[in-house]
1. Could you name every one of the strands (runs of 3 or more DSSP E) located completely within segment 1-117 that has at least 1 residues being modelled with pLDDT under 90, basic (Lys, Arg) and in the same structural domain as Gly157 (by TED's automatic domain parsing)?
2. Given the structure, is Glu391 part of a helix (DSSP H, G or I), exposed (fewer than 15 other Cβ atoms within 10 Å of the Cβ), touching a residue at least 24 places away in the same chain (Cβ under 8 Å) and not aliphatic (A, V, I, L, M)?
3. Just one of the numbered conditions (1) touching a Phe, Trp or Tyr at 6+ places or on another chain (Cβ under 9 Å); (2) assigned to a helix (DSSP H, G or I); (3) without any contact (Cβ under 8 Å) to a residue 60 or more places away in the chain is not true of Arg180; which one?
4. Of the residues Ala252, Ala200, Ala276, which single one is closer than 25 Å to Leu426 by Cα and of a type in the set (A, V, I, L, M)?
5. For the condition free of Cβ contacts under 8 Å to residues at least 40 places away in the same chain, in contact with a helix residue (DSSP H, G or I) (Cβ under 7 Å, 6 or more places away or on another chain) and among the β-branched types (Val, Ile, Thr), what is the one hit in Thr128, Thr207, Thr214?
6. Out of the residues in segment 204-239 meeting the condition of being of a type in the set (Val, Ile, Thr) and outside any helix (DSSP H, G or I), tell me which one is farthest from Glu419 (Cα to Cα).
7. When you look at Ala200, is it among the small types (Gly, Ala, Ser) and more than 41 Å from the chain's Cα centre (by Cα), yes or no?
8. Being of a type outside the set (Ser, Thr, Tyr) and touching a helix residue (DSSP H, G or I) at 6+ places or on another chain (Cβ under 9 Å): is that true of Ile158 here?
Amino acid sequence: MIMEKGYMKVPWIVLASVVAVLVLLVWGWGIARAAGRPVSGRPTGPPDAVETRDVLALSLEGATELALENDELLMRAAEGVKGAIAGMREAKSGRLPSLSVSGYYGRNIRKPVMFLPSDMADAFGGVTRIEIGEDNDISLNTAMTWNIWTAGRLSAGIGATASILEAMKYSEVATRDYVRFAVKQAYYDILLSMESLDIAKKALAATEEVLRITRVGFDQGTVSRFHMLRAEVEYENRVPQLIEAGNMVRQAEIMLRRRCGLKQDTPLDLTDRLVAGVRPDDMGYQISMMRSGSPEIMALQQQVEAMRHSLDLEKAERWPVLQFGANFLVQSQWSEGYLPESKNLARSSALTLGFQIPIFDGFKAKSRIDGARAELRSAEIELERVENEKEMNVRVSWLMLEDAFSALAGRQKAVDLAEEAHRLALVRLKNGLATHVESLDAELAMTTASAQLAQALYSCNIARAQLELVTGIYGYSEKEILGEGE
């Protein structure tokens with residue numbers, strides 16, 4: 001090194017070496033980051049690439065429990081039951097006495113006066129105006145009112161609110177049934193889409209094997225270009241089907257997460273599979289179960305009862321009301337001090353018995369009675385309509401389930417035969433005993449049979465869920481339903 005003018009001069013070759021080393025270090029660090037390797041002992045990449053959520057193993061029963069806990073419509077129905085309970089308590093309060101306390105305080109800035117006739121002025125020294133009262137005025141009143149006889153108004157009101165409460169409870173049970181059906185449908189949709197995805201994967205693998213054998217034969221000159229193109233076209237047709245099947249699985253999972261109240265980034269692992277189950281009971285038995293156990297019909301029956309009580313309430317408005325009352329009054333006036341003296345306190349009490357008889361109200365009561373009678377008839381018609389609709393839905397659902405079981409018969413055997421035929425077609429193709437078109441036809445028959453089996457199993461489960469929904473066979477007795485919330 002060379003010293004010049006008091007400082008050290010570094011040769012240019014040393015500086016160039018240092019710069020080259022720094023460039024190499026920066027370049028290597030950039031490559032390491034691009035490759036995703038940790039730099040300085042810390043992980044790189046987005047957080048979701050480092051941390052993953054645990055997979056949720058979910059059975060159909062578990063999914064149903066989650067939905068019953070998190071469904072907003074069911075929460076709303078529960079709040080409706082609470083509101084109906086409050087309404088019934090309000091109606092019952094009319095049978096109890098009503099007690100109220102009221103008070104008053106006034107400060108006279110200028111006292112009120114009483115005017116005297118002129119012929120009396122001489123007796124008061126010629127004064128015709130006399131101030132009355134004191135500077136402070138206070139009163140305290142306690143009153144009690146009790147309905148002794150209301151001509152059936154209270155009984156009708158309590159009966160109407162009690163029927164509304166029962167209807168709301170049955171409606172909550174019906175909502176619960178619809179939540180169960182929605183979860184089952186979403187769960188079965190995922191199972192069907194997963195089966196379709198598995199079938200698409202197998203079909204793609206089988207077509208790929210045929211394409212591989214065809215390419216080998218084409219390279220050896222034993223297969224024509226036509227058969228080569230035919231196999232390639234069939235393979236390319238299978239690729240979009242696999243992508244579509246995967247998207248259907250993801251769409252069905254989104255729906256199930258929504259039904260269960262789960263976050264959309266929760267991975268799912270369904271533990272149940274599509275099974276046929278048992279055949280339904282006789283159609284007549286299903287209809288009788290619907291008429292005796294459907295919560296929707298029971299809710300409408302209670303609404304009809306509520307309308308009957310409302311009609312009785314409107315009829316009772318034509319009759320008199322008898323009330324008993326009592327009050328206790330304390331009042332005082334004073335000018336000196338902050339509180340009145342005991343000698344300035346005045347007390348009074350009274351008992352009253354009052355009645356009110358409607359004579360003529362401009363036909364208001366008659367109009368309200370006619371309106372209540374029309375609402376009652378409308379509720380009865382709605383009950384009859386729903387009963388007929390339910391019976392029709394039970395018959396249709398039962399026949400759909402029967403059709404699904406009929407379609408399922410022999411499907412598994414058809415799949416076994418198609419798989420064996422496809423295996424033999426591949427063996428014959430490898431040995432030069434079959435054409436490539438025959439192998440592709442065998443693969444198509446196997447795929448069709450598998451898809452039909454999955455669809456038949458799905459139809460059995462959906463038809464059974466629909467039959468359970470319209471029948472209402474989840475085991476809620478009338479006593480259990482009406483006993484909730486008391």
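The values are calculated or read from the model by the stated rules, or taken from the named source; none is laboratory data. The model shown is predicted, which means the values in this text are computed figures rather than measured ones. A quick note on method: Cβ atoms are made from the backbone with ideal geometry, for glycine too, and the neighbour counts reach across all protein chains shown.
1. Values: elements: 2-4, 7-9, 56-58, 98-107, 113-115.
Qualifying strands (runs of 3 or more DSSP E): none found.
2. Numbers: part of a helix (DSSP H, G or I): yes; exposed (fewer than 15 other Cβ atoms within 10 Å of the Cβ): no; touching a residue at least 24 places away in the same chain (Cβ under 8 Å): yes; not aliphatic (A, V, I, L, M): yes.
Answer is no for this residue.
3. Result: Arg180 fails condition (3) only.
4. Numbers: Ala252 fails: closer than 25 Å to Leu426 by Cα; Ala276 fails: closer than 25 Å to Leu426 by Cα.
Checking each option against the conditions leaves just Ala200.
5. Values: Thr207 fails: free of Cβ contacts under 8 Å to residues at least 40 places away in the same chain; Thr214 fails: free of Cβ contacts under 8 Å to residues at least 40 places away in the same chain.
Selected residue: Thr128, the only one of Thr128, Thr207, Thr214 that is free of Cβ contacts under 8 Å to residues at least 40 places away in the same chain, in contact with a helix residue (DSSP H, G or I) (Cβ under 7 Å, 6 or more places away or on another chain) and among the β-branched types (Val, Ile, Thr).
6. Selected residue: Thr222.
7. Values: among the small types (Gly, Ala, Ser): yes; more than 41 Å from the chain's Cα centre (by Cα): no.
No: the conditions fail for Ala200.
8. On the way: of a type outside the set (Ser, Thr, Tyr): yes; touching a helix residue (DSSP H, G or I) at 6+ places or on another chain (Cβ under 9 Å): yes.
Yes; evaluated as a whole, the condition is true for this residue.
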